[in-house]
Every structure is written in C-alpha cells, then in structure tokens.
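Take a look at the structure below.
The values are calculated or read from the model by the stated rules, or taken from the named source; none is laboratory data. These figures come from a predicted structure and were not determined experimentally. Backbone-built Cβ (ideal geometry, glycine too); neighbour counts: all protein chains shown. Protein only, heavy atoms only, side chains kept; ligands, DNA and RNA dropped before computing areas. Shrake-Rupley method; radii C 1.70, N 1.55, O 1.52, S 1.80 Å.
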Amino acid sequence: MPKVNGSVKNLSFEICTCISLALMLSLIGAKIVYAFSPDRQASTQVQKTPQQKQIQTNTLIVGSEQDFPPFATGMTDETASGFTIELWKAVATEAGLNYHIRVLPFTELLQEFKTGKIDVLINLNITDEAQAYADFSVPHAIFKGGIFVRKNESSVNSESDLNDKSIIMIKDDVEASYATSRGWDKQLVLVHTAEEGMRLLASGKHDAMLVNKVVGLQSLASNGINNIKALKVNAGFTQKFAFAVHDGESDLLSKINEAFVITKANKTYDSIYEKWFGIYSEKEIGLRDLLKHIIPIVLLFTCVLAYSLFRRRAERKQAELLLRSRQQQLNFVLEASGLGFWDWHISSGEVERNHIWAEMLGYTYEEIKHTINQWADFVHPDDVENAWKSINDVLEGRTSVHELVYRMRTKNGGYKWILDRAKVVERDAEGKAVRMIGSHRDYTERKNLELELTRQAHLDYLTGLSNRRHFMEQAEIELSRAIRYNTQLSVLMLDIDFFKNVNDTYGHQVGDAVLQALSKICQETLRQVDIAGRIGGEEFAILLPEAEVKEALEVAERLRETVAKTEVDIPVGLPIQ
C-alpha cells in the first residue's frame, strides 16, 4: 500500500501537488511498500523448545499473540515482532526485567495468562471483564474500530447499515462484545485472525468485517488483498491496549509504568510508534481536482511564495500541537502511576520536576526550587552520602541504574521514605553525562512495614526485650568488639525464684505480668547501650559493654533492690512481690 507520512494532512499538500502538475515536474513520488507476514504454520499448537525449557524461575513469561499486525507479527517465539514486541523490549530494558516471549493464538494466550503460566500480556485491551483478573499499565495505543467492505459494495456506508447484514469478527475480541451489545448476535461470523476474515470477505462471502482499523489495513497489505476497502467512518468501539499483569502485582506494574515514562521522555516510544503506525495516517483530499485546472501559470511564483509561507506557519503550529500532545501524554502516565518526575540538566544544575514531586513532600509546585542543591538539602543527613554515591556511580558509568530508598524531609519537618529510580539518558561525545531523568515514589508505608517486621523478628513478643536469637547475635558482636579494642564486657544472668509457684497459684496471666514487670525494670534501670534479653521462660540476660566486674555488681544489686520493692497486682487478693 502507498506509504504516506502522517504529518502531511493539510492544504499545503494540495497546493504543492497542483503546482507540480501544472509545471509537469516530478516533485512527488509514490513509494510502494509491501508488508509481508511470515509463513503460517499448519497448526496453532506451539511445542516447547529447548530454549523455553531452560527459562529460569526469575524470568518473566511474556505473551504475544499470533497474526495481529502491526501490534504483533510472527507465528513462533523466535520470530515474534511488531509494535508491542519492540515497545516491551524497550520498557523491559529500562526496568531491568528478564523475560522470554511466548507466541500463541490469542484464545490460548489468554487462558495461559489466567492460569498463571504467563506473567505479562503485552497487548491486552482494557475492558471491565479484563480488569477482574488483570492490572493494567497506562495505555500504549488507542485506536478506533474499522468497518471493511468490498470495493463494489454500495449498501454499507455506515454502522447503521449493518443491522441486517452478515458481519465477520474476530473471536473473543472487543468488537464481538460490542456487536452483542448492538443486538447483532445472530448476524456474526467469528474467525480466529484478521487474515482469515479478510479472505472470507474478499471471496464474496458475508457483507462486512469489523476489526481494529490499523490491524485491518495491515492485513490487507501483507496478504495482497486489493478488493477490500475501509469506510471513512469508524465503528462505535475503541480499543485501548496496555501491558497487563496479574491482579495484585503492584511492584511489577510500577516498574513497567516507570520504565514507560522513560521511553516517553527519551523519545523511544515515539520512534517505535512512528515506525509501525506512521504509514496508516490518511490524507485528506480537498481542492486538488479544482486547483489543478484553474491555477494559471502566470501565478506560479505567487503560489510558490504563498505555499512557502503557509507551510512554515503550518509546520510551526503542528510542532506546537505535537509537543503539547506529548507533554500531556507524559503527564497522564505520571498521574496514573502516582510518580514524582525529575529531569536533571547536569551542566547547569537545573532540575525540572512535576507537581507530584512537590506534593509528595507537602509543598506546592510553586514553593520548590528547581535546583539539584535543593534535593540534597531535603535528603536526610544520614542518607545523603549513600544517595550521592549511587547517583555518581551511574554518572561515571560504574552502574547503569540508580535505585535507592532513602529519607527526605517534608514541609512539616518530618521525613518520608522515597524510592528513587533514575538513569542517564544523554551523554556528550566524550561519554560525559549530560542529562539524567528519574522518578520518586512514596515508599513510607512499605518501609515502615519492613521495619516493623524486622523489629518483631528481633523482640520477645511478651516482654519487648530481645529474643534469645537476637540477644545471642548481639552478644557475639559485643564480644568481638571487646576483644578487638581490648575493652571490658560484663554479662548478668537473671531468673525469677519460685516462678513456677506463681503460675501454679495465680495462673499464667499473673505469671506474664511478673515477666513484664521485670522487663520494665530492666528497661528503666539499664543504660541505653546495655542490651537485655529473654533467653528462656523466666530466664533473662543482660550485656553491659565496657563495664568492669565492680560496675556489673552494682548494676545487679540495683536491679535486685528494685525487684524486691516491686509489687504486681493480681485480680483477687493482695499484690505479690
């Protein structure tokens, strides 16, 4: 099919064409590009290859369907290609994900995803039904549905003409459910691929086919079918394609979304999109036939001048619209992901940030300064050295990605844990980093949970003191330190006399209260550097770093006296000592 640049869609094209015809100059050529799809296999069954059998457990299985060009091409794992394949490879590279592509018919692909055999579907339409079992990234492609008929067909000119027609559709695709909603169930003829449907229609069977417009055009081109046309009017359904992961895989989805942001920012996405979809932009024919007959040759120079001025204005306006559209798309991705975004121009020290970056720390966008120094001022003093080291490792090429969790000060003086991911996207001719972009995600809730789990793993659940395992680990550390620096280290061993009698007489609830009372005495009496732990039922131990025997005896006596004076209330009767 003719290859048409997507940017040529206005009157400037018509004027240029007419002038060219008047002067009989060959200013515009048509370049015929044929897209050939891979040979089809006789069977849709895909056998596992030795390569598939060697896939490691930490490798994602990524599903791509057969024969859905230009989104997905190729009939086997090894021949997989297309828009979503190339986009996934770019995103996976940015996110540092290991993966293996699995190519199957869509119905089998979806079944394996639902049963957990496939981890990611890279081209799934966002529907209410799909959202019940999958989580989606932001959409990477949005297209209208197309209505395809034979070129000699005159009875179908819009969707309203389909009510009594035989309609071809792909099985399990969104257009099938749309057709059901229109009450066309009895008129449907379901096929497995776009090619199968187009060949049926071209052979004179049935009246029309509903399919994604781009997929339909690609299928016609790659299979050399020339008696089918796409109506200018669109069908009433829209397909929003995105990467899909299993419901609840929030970390994986976050990495995918963040990497997608980077591919948008460094123009990788735009390049891939233009490669696979640019040829499908349609020209609008306006005044060609009229102008080529009435433009006098004497107005040639005037027309050339007018064309030049018009083209300059049109290109400038189109560039402004394209820039605004890309910025809106990037903002949409960031909003949907809840990410703070930063873009550091290293030579000037200036940093562009979005409003989410500011709001994450309690500021408005207008309150923040767009400098690298302000970021350093916000980082917790104990974390700033590690943060700079991680960034410098990337700048100097020792690592490829900066990824670190650290604390940043908020407007109210508190601190939040931030997950910071970034990489260099531009270097000069000498390899020196020129530009670095990254994202911030609020990691506070996750980090606090990790800290709490660590704390619970180290503490005795009843007394709040170190449990036996943690106490022994601390004892080894303190002993090594004492030996290394030739300092004193004392250890106290305590147990409660007649504790069994307390449990037998008053019950385990009172026994627990006695243990908790002793724990409280230890915490209030000991120094902050001392370490107390419960190492048995009623047995306790205390580490006294840098304490000689005399000092340890004084601590032991002070504990004994305090314990002797302490009373523990019981539900009935007088307190016990």
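The coefficient of translational diffusion for segment 465-559, derived via Stokes-Einstein from the alpha carbon Kirkwood radius under 20 °C and 1.002 mPa s, stands at 151 µm²/s.
For segment 460-551, carbon and sulfur atoms together expose 48% of the accessible surface, with a 1.4 angstrom probe and every protein chain in place. If R0 is taken as 45 Å, the Cβ-Cβ distance between residue 565 and residue 409 corresponds to a FRET efficiency of 0.50. Remark: segment 71-85, residue by residue, has Karplus-estimated 3J(HN,Hα) of 5, 9, 10, x, 10, 9, 4, 6, 9, 4, 8, x, 4, 6, 5 Hz, where x stands for each Gly or Pro and the curve is 6.51 cos²θ - 1.76 cosθ + 1.60 at θ = phi - 60°.
Count the net charge of all other residues whose Cβ sits under 13 Å from the Cβ of residue 448, scoring Lys and Arg as +1 and Asp and Glu as -1. Around residue 448, the charge tally is +1.
When each of the peptides 211-223, 565-577 is scored by the mean number of other C-beta atoms lying within 10 Å of its residues, the order from highest to lowest reads 211-223, 565-577. Given a Förster distance of 22 Å, report the FRET efficiency between residue 226 and residue 79 from their Cβ-Cβ distance, rounded to the nearest 0.05. So the FRET efficiency works out to roughly 0.25. Going 7 Å from the Cα of residue 551 in the Cα-to-Cβ direction, what parts of segment 522-541 have a backbone nitrogen less than 12 Å from that spot? So the set is 527-530.
Contour minus end-to-end for residue 251 and residue 529, with contour as 0.36 nm per residue of separation and end-to-end as the Cα-Cα distance?
Details: separation 278, 0.36 × 278 = 100.08 nm, distance 3.82 nm.
Extending this stretch completely gives an extra 96.3 nm.
Computed from phi, the 3J(HN,Hα) profile of segment 561-574 under the Karplus parametrisation 6.51, -1.76, 1.60 (θ = phi - 60°) reads 5, 5, 4, 4, 8, 7, 10, 10, 5, 10, x, 10, x, 6 Hz, with x in place of Gly and Pro.
Residue by residue, segment 450-455 carries 3J(HN,Hα) couplings of 4, 5, 5, 5, 5, 4 Hz when phi is fed to the Karplus relation 6.51 cos²θ - 1.76 cosθ + 1.60 (θ = phi - 60°); x denotes Gly or Pro.
For residue 144 and residue 107, FRET efficiency with R0 = 30 Å and r from the beta-carbon atoms, rounded to 0.05? My answer for the efficiency is 0.80. Near residue 235, the amide H atoms lying under 5 Å from its own belong to 145, 146, 147; only residues 5 or more places off or on other chains count, and H is placed 1.01 Å from N.
Label 7 Å along Cα→Cβ of residue 434; segment 339-367 residues with amide nitrogen under 19 Å? Only 343-352 fall inside the zone, counting backbone N under 19 Å. Subtracting the Cα-Cα distance of residue 345 and residue 164 from 0.36 nm times their residue separation leaves 59.0 nm of extension gain. Loop-resident trypsin sites (Lys or Arg not before Pro) (DSSP state other than H, G, I, E or B) in segment 80-151 with no more than 11 further Cβ atoms inside 10 Å of their Cβ: 151. Under the simplified labelling scheme, the residue 487-residue 505 pair shows an inter-label distance of 4.3 nm, with each label point 7 Å from Cα along Cα→Cβ.
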